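Down below is the structure, laid out as structure tokens.
Each value in this text was obtained by applying a stated rule to the coordinates, not by laboratory testing. Computed from a predicted structure; not experimentally measured. In this analysis, Cβ positions are derived from the backbone assuming ideal geometry, glycine residues included, and neighbour counts consider all displayed protein chains.
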Amino acid sequence: MPSLCLLQGDLAAGEMIHGVEGVDPKRRQQLIDLLDIDLQWRLNRVSDGQRRRVQICMGLLKPYKVCMAPPQYTPASRFPFL
């Protein structure tokens, strides 16, 4: 759980979010606006919900592909390749 420790340290949300390299600045700003993140938040002094918003933002900074499966294929037993 190293990421949890980092997210509870005396760091500003902006330091964490802007510390991720290779991110589209427009995407970063859209996420900050959408999640209503104050870049001055000190992560050791905010609520769990505010800290979680920073985690979500950091997780979505870089685009990724998602495999969408119809409901009949959601049980893990239907995915022998996993």
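Worth a mention:
- Sites listed here are trypsin sites (Lys or Arg not before Pro) in the stretch 15-60 whose DSSP assignment is loop and whose Cβ has at most 10 other Cβ atoms within 10 Å: ARG45.
- Gain on full stretching of the segment that runs from LYS62 to LEU11 - 0.36 nm per residue minus C-alpha separation: 16.2 nm
- 3J(HN,Hα) along the stretch 40-50: 8, 3, 8, 5, 8, 10, 9, 6, 4, x, 5 Hz, from the Karplus curve 6.51 cos²θ - 1.76 cosθ + 1.60 with θ = phi - 60°, whole Hz, x for Gly and Pro.
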